[in-house]
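Remarks on the structure that follows.
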2 protein chains.
Amino acid sequence: MTFSLFILGSSSALPTSNRFPTAHVLNVQERFFLIDCGEGTQMQLRRMHFKLGRLNHIFISHLHGDHVFGLFGLLSSLGLMGREQDLHLYGPPQLEEVILQHLKMFDIHLPYKVIFYPLQCEKSGRIYEDKVLTVRHFPLSHRIPACGYLFTEKERIRNFRPGVIEKYRIPIIKRKGIQQGDDLVTEEGKVVPNEQLTLPGPLPRSYAFCSDTQYDRSILPFVRGVDLLYHEATFANADVDRARETKHSTARQAALIAREAGVKKLVIGHFSARYKDLNLLLEEAREIFPATFLAEDGERFDVPLVRATPSEKP
Amino acid sequence: MTFSLFILGSSSALPTSNRFPTAHVLNVQERFFLIDCGEGTQMQLRRMHFKLGRLNHIFISHLHGDHVFGLFGLLSSLGLMGREQDLHLYGPPQLEEVILQHLKMFDIHLPYKVIFYPLQCEKSGRIYEDKVLTVRHFPLSHRIPACGYLFTEKERIRNFRPGVIEKYRIPIIKRKGIQQGDDLVTEEGKVVPNEQLTLPGPLPRSYAFCSDTQYDRSILPFVRGVDLLYHEATFANADVDRARETKHSTARQAALIAREAGVKKLVIGHFSARYKDLNLLLEEAREIFPATFLAEDGERFDVPLVRATPSEKP
């Protein structure tokens, strides 16, 4: 029941010798989602032993090169590998034109279909859903239209308390309903409340991706209470003016959002090449929000399954 | 008096976890030339401690993505670094349109000028010249128009044999001419042949880049006798049919060209991802041409200064 975030790139526009541009992979129960695709993403995917063929959904936040320039090579490589399965691509409307022009310019004929979902970045809404999770997009505040993404597991069914199936001889036909919250009516007509029969299932887990964006409290409703918040932190506090000019955030501002949104864990990234030592940014964020971590290339963040606090006695 | 080739990427279209797509840097006496610019080139440049600002000339062989997809990010990064100096870009005519479209699509405003030199790949000719070297392009034989590049140092002036300046009291005004091959006419009217006065300067060094190309003997006149020949070797001999279909070469074919052209050293690269162990390709090439080496990522090939064989006695 994996819920893990992998950092493929942590630089801002100017990569460094050990920081590639933005790209994340989120693994939700063996579904792999790629979020942004900076230059070198396909090499990072290989280094981190991801199977490229398992990527079916790619989400692009905005059309700055450091979030997109790896996409052309990745699409082309998937074709060379003989992919036949549809690939689902989400992003600002102009992305489709960019891709089509590339395929034409470089005479690339993909043996699979790219299904494109144009997103109005100033709006929010559900853009993907399957049995285990939903994905929503929401507006970020940057120099050009930019989308944030929220990945949320669905509510899980409840688990039977040990021994109750045998004790009450619960027939198979009734079990699914009870796991969804029904009470049990026994053959004798006695009602056994659901709480005596089941424990809550693990809580749904969630990840929100916010890059690139300036400090903007209007994202709070979308990221409130998430297990893992990725918020860009391009600059240190001393460069707050530069952050304002370029519509980026400081580490401190990312932490302010995390604190106010009541998230469990904050991951900061998209670091300016000017900072050789990222501990400065980490410390500035941790002063405000202690559960902050650096999204360095190759890092992995696991969100464990946690049960809702049950009343333990049936 | 450096003449060194640096391999930034050695994969063919599909990169692997340790092979980036094609990019070479040639350092000729502290002039740095970038040849091809596959995805991730700017990261490889940084890893190998090149100063991006010292690149003034970029040569693109052909418009397949694995030779170009790093160019957009590199141009953009040079801009972010505040470059003001002109950048000279050589390649097939369509490259200019590709670059212009990119700058527009991604709203990139470069603070420097890109001077573009469209090359007719089916022809050959001198495309660059300065005090120490010339660069020529010549036709390769691939699925789309592709240019090979030949970098050749200029002839050096001759060096005075030890003691002759004092012995013949050669005035300063005559020295330059003698180093260029003049004989000395002494005040007494006696002629001293140049050979008695000078030794040849070091031989001009040369590097030829041939990728992508099928086995084609028509490149021989352009690469004859070079110190260092880079020839693509996408496939092993067992896959010679695949090489023919895709208009690539085998390691053996690269070696046949090297042998017939009488080059000093052969460097093979552009390896298909199917070969985990490149020793197979190396062995197949060395059977034909023993002085073959693998162009693996991070490798460096130095061409030492060698004097022409002089008659040692004046």
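If you find the alpha carbon centre of the stretch B:14-76 and of the stretch B:240-278, how far apart are they in angstrom? Value for the Cα centre distance between the two parts: 21 Å.
Principal axis analysis of the Cα atoms in the stretch B:1-106 yields extents of 40, 35, 24 Å, listed in decreasing size.
Within the stretch A:243-284, the proportion of Cα pairs with more than 18 Å between them is 28 percent.
Other residues with beta-carbon under 11 Å from the beta-carbon of residue A:140 carry, at +1 per Lys or Arg and -1 per Asp or Glu, a net charge of -2. With all pairs of separate Cα atoms included, the stretch A:181-224 yields a Kirkwood hydrodynamic radius of 14.8 Å. With equal scatterers on the alpha carbons only and no solvent term, can you work out the Debye log10 of I(q)/I(0) for the stretch A:243-314 at 0.18, 0.21 1/Å? So the normalised log intensities are -0.76, -0.96. For chain A, the 222 nm mean residue ellipticity estimated from helices alone, with every DSSP H stretch of n ≥ 4 adding -39500 (n - 2.57) and the total spread over all residues, rounds to -6500 deg cm²/dmol.
Using θ = phi - 60° in the Karplus curve 6.51 cos²θ - 1.76 cosθ + 1.60, the 3J(HN,Hα) couplings for the stretch A:148-153 round to x, 10, 10, 9, 10, 5 Hz; x is entered for Gly and Pro. As a calculated quantity, the FRET efficiency between residue A:175 and residue A:307 at R0 = 22 Å, using C-beta atoms, amounts to about 0.65. With both partners inside the stretch B:4-138, how many of the DSSP beta bridges are antiparallel, as a percent to the nearest 5? So the antiparallel bridges amount to about 55 percent of the total.
In a simple Cβ point-charge model (Lys, Arg +1; Asp, Glu -1; nothing else charged), chain A has a dipole of about 800 debye relative to its Cα centre.
Magnitude of the charge dipole for the stretch A:159-199, about its Cα centre and with charges confined to Cβ atoms of Lys, Arg (+1) and Asp, Glu (-1), is about 160 debye. Report, in whole Å, the centroid distance computed from the Cα atoms of the stretch B:85-126 and the stretch A:130-205. For the stretch B:85-126 versus the stretch A:130-205, the Cα centre distance is 58 Å.
Mean shadow of the protein assembly as shown, computed from the convex hull of its alpha carbons, in nm²? Walk me through the intermediate numbers first.
On the way: hull surface 148.5 nm².
About 37.1 nm², averaged over all directions.
Springs join every pair of Cα atoms under 10 Å in this Gaussian network model of chain A, and among A:92, A:162, A:111 the largest mean-square fluctuation is at A:162. Enumerate the residues in the stretch B:125-149 having an amide nitrogen under 16 Å from the point lying 7 Å beyond the Cα of residue B:260 toward its Cβ. Answer for the stretch B:125-149: B:139-142. When chain A is treated as a GNM with alpha-carbon contacts under 10 Å, the residue of A:298, A:91, A:148 showing the greatest mean-square fluctuation is A:298. Charge tally around residue B:109: other residues with Cβ under 15 Å, Lys/Arg +1 each, Asp/Glu -1 each, net +2.
Please report, in debye to the nearest 20, how large the charge dipole of the protein assembly as shown is about its Cα centre when each Lys and Arg carries +1 at its beta carbon and each Asp and Glu carries -1 there.
Values: 80 positive and 74 negative charges, 122 e Å.
I would put it at about 580 debye.
Each copy carries a label point for residue B:86 at 7 Å from Cα along the beta-carbon vector; from one copy to the others these points are 5.1 nm apart, nearest first.
Convex hull of alpha carbon positions in the stretch B:64-116: directionally averaged projected area 3.5 nm².
With the convex hull of the Cα atoms taken as the outline of the stretch B:149-234, the averaged projected area works out to 7.6 nm². Computed over chain A, the P(r) tail beyond 33 angstrom holds 32 percent of alpha carbon pairs.
Inter-copy label distances at residue A:279, using a point 7 Å along Cα-to-Cβ, come to 4.4 nm with the shortest given first. Taking the DSSP bridge list for chain A and keeping only pairs wholly inside it, about 55 percent are antiparallel. Is any residue of the stretch B:9-48 close enough, with backbone N under 16 Å, to a label point placed 7 angstrom from the Cα of residue B:114 along the Cα-Cβ axis, and if so, which? In the stretch B:9-48, the label zone of residue B:114 (backbone N under 16 Å from the point 7 Å along Cα→Cβ) covers B:34-42.
Using only Cα coordinates, the Kirkwood hydrodynamic radius of the stretch A:159-199 works out to 10.0 Å.
Considering only beta bridges that DSSP places wholly inside the protein assembly as shown, some 55 percent are antiparallel. When the P(r) is computed for the stretch B:27-66, the part past 17 Å accounts for 30% of the Cα-Cα pairs.
Readers should treat all values here as calculations from the given coordinates under stated rules, not as data from a laboratory. In this text, all values refer to a predicted model and were calculated from it rather than measured experimentally. Ideal geometry is used to build each Cβ from the backbone, glycine not excepted, and the neighbour counts take in all protein chains shown.
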